[in-house]
Each structure stands twice: as C-alpha cells, then as structure tokens.
Amino acid sequence: MNIKNSLIRMKKYKVILSAVHMVYRLVNSTYNVEELILRLTRLVCQFIKADSSSIYLLDPQTGKIEKIAIFDNKINILLTKKKDVAKVPALERRVAQGYPIFDPHCLGLPLIADEPVGAVFIRRSQQGKPFDEFDKDMLSVVAEQSVTAIKNLQLYEEQQKTILGSIEFIGKLLKRRGCVPRVHASTYFKILQMIGEDMHIGKEGIDNLYYASILRDAGAIEVPYDILSKTSRLTPEEFKIIRQQPARSVELIKPVAFLKPVLPIILYHHENYDGTGYPSGLQKDQIPLGARIMSVVDAFEAMITARPYKEPLSIDEAINELKTHSGTQFDPRVVEVFVRLAKQKKFRNYLRNLQG
C-alpha cells in the first residue's frame, strides 16, 4: 500500500512539474497580456481537466475588471467591452479582490503580486467529478507562476504607451518643422492597415506598420532645414543627404527595444522591387513585406501631393503609375491589393483624405 501511495505521489509531482515547465515556457514565449491570459486558460483546462476556465484582469489604474479570457474546451475568447465585463457576478468580483472560492465544482484563486492583479477560475458541471485537493494545488501552481508574468507584461505595456507617446510627439515635432508633408497621419496609417490586413500580415505586422508610419521620417530632424524647405529640385549632393535619412531614422530609434522589428521597414522602404533602390539594393522578397507595402503608399502619397516644382496627379493617374511600375519599382502583389482596394468606397475615401 505504501508503494502504491508513493507511486501516486510521484505521478502527481510529475504532473505539477510538467505544469510548471509548461507555464514557464508559455510565459517566456508570450509578450502580450491578452495573448498570455488566453493561452493560460487553455493550459489550465488541459492540466486540471476542467470543463471551462477563465482569467479576470484588473485595470492597474482603477482596480476594476477590464479583461476576461474564457476557454470552454471549444472556444477561446477575450472580453473587453464594459457591458460584458459588467456581467461578472459579485462573488467572482470578490475573488479578484483577494477572496478565494473553493466549491466542489468551481475553484477561484486571486492573482496577487504586491496588490491584486486579477483572478483565475476553473469549473466543472454539476454532473462532473468534484474538484479535489490536488486540483487546488495545481491551480495554485499555475496562479503563482502566472501572476508575476502578468504584472511584468502590464508594466511593459505601460512603458510602451509612454514611449509611443514620445514617438507621436516626435512625429508632430517633425511636421511643425516642415520635415514631413502635412498629411493626416491617421489616414496614411489606415491605408497601410487595410493593405496589411488584406495581405494577412497579422496584428504584430499591423502594429509595426503603425510605428513605422510615425517614425519613417524621424531622421529628417538632422537634415539641414534649407534642404527640407527647398522649393526647387534637389541637387545630386542634396539628394544624397536625403537618401541617408532612413539610416538616420533607424539610428535614432534603435535604442528602443520593442521597436526592433520596425527598423527594417523604415530602413528599406525606399528599396525597389527590381533591386534599383536604396540603401542596399535589395530586391523582391529580400525587402521586408512591411517595407514593400510602405513603398507603394509612400509613392502614391508623393504623386498626389502638390510641390512647388510639380503638379499633383489625380488619384486615378497615380494608380495607373503604380500599375506601370509594378514589378520594377513596386511589389506586384502589393500593387494588386492597392488597386483592388481602391475600388472600395472606404479605401477610396482614405485616398481622397490623403490627397487633401
């Protein structure tokens, strides 16, 4: 009998160690709070064999529930709307404030760092096997392993917001100085976003396009003002200075760690699909997709924008230019998406806004 009990204990310890390892791997491969809690709900159900699990997160500023991740062994969803969060029962709200639940078919533990971060719940149907002490231990392990990671990611995201605020300020400063065209930045990004979504580049890819759209001209702050404000065509020497702008932009933002994936977009968005662009003469798929998308939108913006030395093209004329240079200057796939989207009312309105 003692041998049997020892084997049972060893098996349980192995399961706990496996859970610790899985949570550790999960935490170290996830850099977004929302993604982390969604994946944790799946992991909890897997190890504890629950019918459903959920994680509630508190707003660090207000202490109120702001996010709920749910998994029922079929659907994994994230709730963030106030009307959905408001439906949380009072008893479960208490768990998020530090009061655990130990019911036969529902376990709830608070997630606490220095202060409450949220709560984790597991549930089984009334007809299912009641939770036992080992299930409690397993849930405690997951909670302990997860809470620090959640808190750290929340702090990281707050730092990102602060840095992003500074980035947006730089963008406004560049516009005031006349370093970049006075176009509506949000319109420029929405065009990038619609193309990126159509090409299925994912949320991270869209985020990178957003940062790149703000910072693509950051290096212009080091370009002499008489060159930036020049109303006639640039001399070869002046154009050489302008061509160094992407590299200057990259040097300025390189110290910001989370912007590392953005650097190739900014550095290479003046490369041509056939290898005749700058700064490195990259061609085709050597050029990051984000840079190829931005190259098309940048060129379109330049063509429809009035300059002292040239008349602007109409939207349709600029689209025809994109088609003419598809496969040489531009990625044919990006041009194809741009042309197709240009037939949609929403996208067309963005093009008009960019024009005026």
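Where a number appears in this text, it was derived from the coordinates with a stated rule and is not lab data. These figures come from a predicted structure and were not determined experimentally. Ideal geometry is used to build each Cβ from the backbone, glycine not excepted, and the neighbour counts take in all protein chains shown.
A few points about this structure:
- Footprinting exposure proxy ranking of Thr276, Thr187, Thr41, fewest other C-beta atoms within 10 angstrom first, gives Thr276, Thr187, Thr41.
- Around Arg292: net Lys/Arg minus Asp/Glu count, Cβ-Cβ under 13 Å: -4
- Surrounding net charge for Val85, when Lys and Arg each add one and Asp and Glu each subtract one, Cβ distance under 9 Å: +4
- Over 20 Å between alpha carbons, listed pairs Lys67/Lys87; Lys254/Lys284; Lys49/Lys129: Lys254/Lys284
- Fully extended contour minus Cα-Cα distance, from Gln61 to Lys203, at 0.36 nm per residue: 48.6 nm
- Pairs with C-alpha atoms separated by more than 24 Å, drawn from the list Lys81/Lys136; Lys64/Lys190; Lys190/Lys240; Lys81/Lys151; Lys190/Lys260, are Lys81/Lys136; Lys64/Lys190; Lys190/Lys240.
- Here, the stretch 280-356 has an Rg and a Dmax of 12.7, 37 Å when only alpha carbons are counted.
- Cβ-defined net charge surrounding Val337, 15 Å radius [Lys, Arg +1; Asp, Glu -1]: +4
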